[in-house]
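Read-outs: derived from the displayed coordinates by stated rules, not from any lab. Nothing here was measured: the structure is a model prediction, and the numbers come from that model. As a convention, Cβ positions derive from the backbone with ideal geometry for all residues, glycine included, and neighbour counts pool all protein chains shown.
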Amino acid sequence: MRKVLMIMMMAMVVVIAGAQEKESKGMWIGGGFGLNGGDADGWNLSPQWGMMFNENMGLGANLILTDDDWMVEPYFRYYMGITDNFKFFADGAVAFGGNDDYSMFQIQVRPGVQYWFTPKWSLAAATPLLSFYSRNYDSDALEDISTSFLGLDATNLSFSLYFHF
């Protein structure tokens, strides 16, 4: 798991370093709050950072903290503008994390909407549309049991507040 984390972090540094050579269209920092429904009933908090490469594309990262585990989630975001202040977006995200008892891996496609109520502040809402989820238990009693899920999931809704600079 640590090797995967290190490889993902190194890849992200390379992408960000290459992007620094081009003119940046802006960055954002913020945080999110989410409510999970269904079998994964609970909450999550996610400090976030992101950077735009051009008017429609950006790269970001979340640190997702829940009531029983954590995840690191780099994502690619593509915007489709309706007006200057209101845009639809789609995220492609890969997440990994866990806790003392298991490790997790997740891939998601997540549509959302974002509204800029000032040039520097925006509010976004998103929900997973397509997800693959895998959990590997480390406990001796569970003998490395894996669970996976592939499918639609509209029960999880997250809200994020961003500051753009």
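Quick look at the values:
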item	result
Placed amide H near GLY26: partners under 5 Å, 5+ positions off or other chain	MET52
Backbone HN-Hα couplings from phi across the stretch 129-138 [Karplus 6.51/-1.76/1.60, Hz, Gly and Pro as x]	9, 9, 9, 10, 9, 9, 10, 10, 7, 9
For ASP138, residues with placed amide H under 5 Å, excluding near neighbours	TYR102, SER103
For the stretch 51-67, Karplus couplings with θ = phi - 60° (6.51, -1.76, 1.60), whole Hz, Gly/Pro x	9, 8, 8, 8, 5, 10, 10, x, 10, x, 8, 10, 10, 9, 10, 10, 5
Rough spin-label spacing in nm, given labels placed 7 Å along Cα→Cβ, for VAL72 and PHE165	2.3 nm
